[in-house]
């Protein structure tokens, strides 16, 4: 079979960008045209990792040509299921020297999970919860605002911290305290694609400048025959599951139970779009970010980010259910006011419109929910409708955070320590 170019010449030039970026290796024809591929295992891999088949619009026609060449009905995804090895398609535009990946079908091997093999707890950085499948047996939850206190203690007491791709910014590190900047008695390995980020804030014991896919590929090749698995990963996962399972709070509208109802009602690949604010904490704590990308949210404290994020998702083909969480205040600022200046409320109360009627005026299907049961009923109704659907959820300001903090308790604690 002739490919029309020299593979040895092509490989140094063939590098994609973004989610299509990968390394290429030369395979002999008999290695990838296996006469009896194990289709069931590959199908399971593609079903588990749908992001393993990234496609661009220009891949359809050549993908069908490739499938026909292999006597397979369909395009690139079907061709990959019918062959033994992963496939990728490249093109070189006129006037360019570099071949670009326009599509790939990669059934990620199960041993690309070194943390699971070793038993290491894995936590995600602030608003990067979609980076790790929540079904991983070593997933320990997310760092950032309002994290599991047991997870913070694990990071503080760890002998070794490996930060893969994270900037180690203020939110992720709880104000540069977890870990501390000098982290005495603790080894910090920092892996990041930007050399300017390494060592900029934290003292780093080992800095590695590389892309995350390159690190993952190398980590998958680590010798593991002598590994004695740790039980810390399973323990941390159990702690996260307990923390991330909502219990009835007694609130008239219980956001924890509302998020649990959303998990039951909506597909696993649902994307959550939100801006800055305490309201997002209930989704950070209780939602399972199965999709990738599945968390469209800012890391810089941008209020209102959820609206443009949802517009972007809809342009990519997503249908929208809008949930307006309305506690009648700037909740995050009010929490800081009560913590620092108890009882001295200033410019945080809001006189909000009836968002259900406002949505209706713009042609959306809208409903007002003042109880958990009303929210769940509205969610079920919304599922059977098309177009923009809006649920105006009126919550109690007293319950100011998903951690369980209340205004009454914050005020009492601040006065007691004054």
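How many of the residues in the stretch 92-102 are at pLDDT 80 or above and outside any loop (DSSP other than H, G, I, E, B)? Summing the residues that are at pLDDT 80 or above and outside any loop (DSSP other than H, G, I, E, B) in the stretch 92-102 gives 1.
Under 6 Å between Cβ atoms, at least 6 apart or on separate chains: pull out the pairs that start in the stretch 57-68 with a residue that is farther than 15 Å from residue 90 by Cβ and end on any residue that is part of a helix (DSSP H, G or I). Note: pairs meeting the criteria are 67/78; 67/79. Of all residues in the stretch 76-91, those satisfying the criterion of being more than 14 Å from residue 43 (Cβ to Cβ) and modelled with pLDDT of 75 or more are 76, 87, 88, 89, 90, 91. Restricted to the stretch 395-411, and to residues there that are touching a helix residue (DSSP H, G or I) at 6+ places or on another chain (Cβ under 6 Å) and closer than 12 Å to residue 251 by Cβ, the residue that is surrounded by the most Cβ atoms within 10 Å (Cβ to Cβ) is 400.
Look at residue 259 and say whether it is assigned to a strand (DSSP E or B), under 23 Å from residue 151 (Cβ atoms) and either touching a helix residue (DSSP H, G or I) at 6+ places or on another chain (Cβ under 6 Å) or modelled with pLDDT of 95 or more (or both). Criteria not met by residue 259.
Among what's in the stretch 56-65 and is part of a helix (DSSP H, G or I) and surrounded by fewer than 20 Cβ atoms within 10 Å (Cβ to Cβ), pick the residue that is farthest from the chain's Cα centre (by Cα). Among residues in the stretch 56-65 that are part of a helix (DSSP H, G or I) and surrounded by fewer than 20 Cβ atoms within 10 Å (Cβ to Cβ), the one farthest from the chain's Cα centre (by Cα) is 65. Within the stretch 194-205, can one find any residue that is within 27 Å of residue 137 (Cα to Cα) and either surrounded by fewer than 15 Cβ atoms within 10 Å (Cβ to Cβ) or in the same structural domain as residue 285 (by TED's automatic domain parsing) (or both)? No, because not a single residue in the stretch 194-205 is within 27 Å of residue 137 (Cα to Cα) and either surrounded by fewer than 15 Cβ atoms within 10 Å (Cβ to Cβ) or in the same structural domain as residue 285 (by TED's automatic domain parsing) (or both). How many residues does the stretch 147-170 contain that are surrounded by 18 or more Cβ atoms within 10 Å (Cβ to Cβ) and either touching a residue at least 60 places away in the same chain (Cβ under 8 Å) or in a helix (DSSP H, G or I) (or both)? Matching residues across the stretch 147-170 total 4. So, residue 207, is that one in contact with a strand residue (DSSP E or B) (Cβ under 6 Å, 6 or more places away or on another chain), assigned to a loop (DSSP other than H, G, I, E, B) and in contact (Cβ under 8 Å) with a residue 12 or more places away in the chain or not? When the stated conditions are applied, residue 207 does not pass them. Close Cβ contacts (under 7 Å, 6 or more residues apart or on different chains) running from residues in the stretch 87-107 that are without any contact (Cβ under 8 Å) to a residue 12 or more places away in the chain to residues that are part of a loop (DSSP other than H, G, I, E, B) comprise 92/99.
Here residue 264 meets each of (1) at negative phi; (2) part of a loop (DSSP other than H, G, I, E, B) with one exception, condition (2).
Residue-by-condition table, conditions (1) under 13 Å from residue 399 (Cα atoms); (2) touching a residue at least 12 places away in the same chain (Cβ under 8 Å); (3) within 17 Å of the chain's Cα centre (by Cα):
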site	(1), (2), (3)
250	yes, no, no
254	yes, yes, no
265	no, yes, no
272	no, yes, yes
277	no, yes, no
285	no, yes, yes
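Taking the residues in the stretch 106-128 that are over 17 Å from the mean Cα position of the chain (by Cα) and not in a loop (DSSP other than H, G, I, E, B) as candidates, determine which candidate is modelled with the lowest pLDDT. It comes out as 114. Filter the stretch 235-247 down to the residues that are surrounded by 15 or more Cβ atoms within 10 Å (Cβ to Cβ) and farther than 17 Å from residue 404 by Cβ and list them by number. Result: 235, 236, 237. I'd like to know if the stretch 68-75 contains one or more residues that are at pLDDT 75 or above and assigned to a helix (DSSP H, G or I). Yes, because at least one residue in the stretch 68-75 is at pLDDT 75 or above and assigned to a helix (DSSP H, G or I). Looking at the stretch 47-55, is at least one residue part of a loop (DSSP other than H, G, I, E, B), modelled with pLDDT under 90, under 30 Å from residue 226 (Cα atoms) and touching a helix residue (DSSP H, G or I) at 6+ places or on another chain (Cβ under 8 Å)? Scanning the stretch 47-55 turns up no residue that is part of a loop (DSSP other than H, G, I, E, B), modelled with pLDDT under 90, under 30 Å from residue 226 (Cα atoms) and touching a helix residue (DSSP H, G or I) at 6+ places or on another chain (Cβ under 8 Å). For the stretch 129-144, the set of residues classified as surrounded by fewer than 21 Cβ atoms within 10 Å (Cβ to Cβ) and either part of a loop (DSSP other than H, G, I, E, B) or not assigned by TED's automatic domain parsing to the domain that holds residue 170 (or both) consists of 132, 133, 134, 135, 136, 137, listed by residue number. For residue 284, the conditions (1) part of a loop (DSSP other than H, G, I, E, B); (2) more than 13 Å from residue 270 (Cβ to Cβ) are fulfilled apart from (1).
Residues are listed down the side, and each one gets a yes or a no for (1) closer than 23 Å to residue 403 by Cβ; (2) in contact with a strand residue (DSSP E or B) (Cβ under 8 Å, 6 or more places away or on another chain); (3) loosely packed, with under 12 Cβ neighbours inside 10 Å; (4) assigned by TED's automatic domain parsing to the domain that holds residue 400:
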| site | (1), (2), (3), (4) |
| --- | --- |
| 332 | yes, no, no, yes |
| 339 | yes, no, no, yes |
| 343 | yes, no, yes, yes |
| 355 | no, yes, no, yes |
| 362 | no, no, yes, yes |
| 366 | no, yes, no, yes |
| 379 | no, yes, no, yes |
| 384 | no, no, yes, yes |
| 388 | no, yes, no, yes |
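The values are calculated or read from the model by the stated rules, or taken from the named source; none is laboratory data. Just so it is clear, the structure is predicted and the values come from calculations on it, not from any experiment. Here the Cβ is made from the backbone with ideal geometry for all residues, glycine too, and neighbour counts use every protein chain on show.
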